[in-house]
Amino acid sequence: MDATDRRLVNALQGGFPVAERPFAEIGAELGLSEQETIARLATLRGLGTLSRFGPMFDAERLGGAVTLCAMQVPEERFDEVTDIVNAFDEVAHNYARNHELNMWFVLAVGDPGQIDKVVARIEEATGLVVLNLPKLDEYFLELKLSA
Amino acid sequence: MALTSFERDLLAAIEEGLPLVARPYEAIGDVLGCSESAVIEGLRGLLDRGVVRRLGLVVRHHELGYRANAMTVWDVPDRAVRDAAAVLTGLPFVTLCYRRPRRPPHWPYNLFCMIHGKDRAVVEAQADQATRTAGLSGCARAVLFSRRRFKQRGARHAALRLLEGASRIEGMEWTRPIAAS
């Protein structure tokens with residue numbers, strides 16, 4: 001990734017125009033042609049540098065719900081419990097962390113009423129307590145995108 | 001929030017990403033059998049209502065060397081949370097910031113922020129700096145580094161795929177300028 005790629009990526013982290021020629025608009029801000037803007041993004045996507053180029057959804061406004069859960073898993077059971085938890089479709093991602101509560105995963109469900117049910121099913125399947133830590137407030141970053 | 005059937009089709013058409021062509025919204029319209037302007041109006045409506053937070057890109061930070069991922073948490077008096085969060089979200093290394101419930105006795109912390117970086121020692125120093133700057137030195141604190149990240153396996157329901165695009169925002173996807181390294 002060169003300096004121009006970084007400027008392009010940083011500009012696009014702030015949003016992508018919804019207009020007929022969006023790449024031309026972004027390119028104009030950066031002194032790039034429409035063609036070069038597209039070509040650079042295609043290269044970055046091909047290299048796997050971009051994980052996504054598209055919409056960021058809001059779960060609640062889609063009618064769904066997302067929550068963060070934590071478990072205290074005995075070390076000797078960690079791999080087994082990981083397999084059980086990750087087998088749930090509703091588990092979106094899962095991290096091992098260095099704390100007594102050593103497994104942290106995010107649940108995403110299509111109906112907010114399902115959260116408690118999925119938590120109960122995971123507790124039943126693992127025999128372990130799941131702490132449900134839903135977001136109460138989200139504080140948005142002050143993005144300074146002039147990299 | 002109720003979505004029209006056109007909006008559902010539109011979301012399904014773009015969830016995997018926008019086409020990298022000069023007129024991407026025209027290309028989406030060709031797939032859906034509608035005009036470019038219908039796609040643009042539909043997307044603007046979804047953005048205005050916040051169903052789509054934004055269009056944009058997310059880089060694979062892990063692959064770019066951002067491997068130190070610290071969930072930094074404090075037990076902050078409820079009345080002081082908002083002011084502390086206002087300071088934290090202005091720090092250039094903080095990538096996400098939330099208030100969540102305490103679950104005593106196992107979990108006394110209510111203010112969460114993520115710090116992502118390339119070097120664990122640097123991230124630890126940033127967590128200290130965040131604590132001091134936000135006036136949280138007197139609060140109980142923990143810094144939880146990730147040891148492993150597990151990939152999801154298996155096919156997913158279409159509806160959950162959309163939600164996954166939202167759930168990844170909660171901890172895995174974040175937006176910050178990439179600095180020259």
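The values are calculated or read from the model by the stated rules, or taken from the named source; none is laboratory data. Keep in mind the model is a prediction, meaning the values are calculated, not measured. Methodologically, a virtual Cβ is constructed for each residue, glycine included, from the backbone with ideal geometry; neighbour enumeration extends over all protein chains shown.
Of all the criteria given as (1) within 13 Å of B:L18 (Cβ to Cβ); (2) at pLDDT 95 or above, the one not satisfied by A:E36 is (1). When segment B:14-38 is limited to residues that are more than 9 Å from chain A (Cβ to nearest Cβ) and crowded, with 18+ Cβ neighbours inside 10 Å, the one that is nearest to A:L50 (Cα to Cα) turns out to be B:P19.
Within segment A:69-96, restricting attention to residues that are modelled with pLDDT of 95 or more and part of a strand (DSSP E or B), the residue that is farthest from the chain's Cα centre (by Cα) is A:M71. Can you say whether A:T49 is within 30 Å of B:L57 (Cα to Cα), touching a strand residue (DSSP E or B) at 6+ places or on another chain (Cβ under 9 Å) and hydroxyl-bearing (S, T, Y), as far as the supplied structure shows? The answer is yes for A:T49. Every test in (1) among the hydrophobic types (A, V, I, L, M, F, W, C); (2) more than 30 Å from B:R49 (Cα to Cα); (3) at pLDDT below 95; (4) buried (at least 17 other Cβ atoms within 10 Å of the Cβ) is passed by A:V106 save one, and that test is (2). Could you give every pair whose Cβ atoms fall below 7 Å, whose first residue belongs to segment A:53-68 and is over 30 Å from A:A39 (Cα atoms), and whose second residue is among the basic types (K, R) and modelled with pLDDT of 80 or more, counting only separations of at least 6 or pairs across chains? Pairs found: A:R61/B:R49; A:L68/B:R100. Going residue by residue through segment A:84-92, is there one that turns out to be facing chain B (nearest Cβ under 8 Å) and among the aromatic types (F, W, Y)? Within segment A:84-92 (the criterion being facing chain B (nearest Cβ under 8 Å) and among the aromatic types (F, W, Y)), the answer is no, since none of the residues qualifies.
For the condition outside the structural domain of A:A11 (by TED's automatic domain parsing), more than 14 Å from the chain's Cα centre (by Cα), crowded, with 17+ Cβ neighbours inside 10 Å and under 25 Å from B:R8 (Cβ atoms), A:I115 qualifies.
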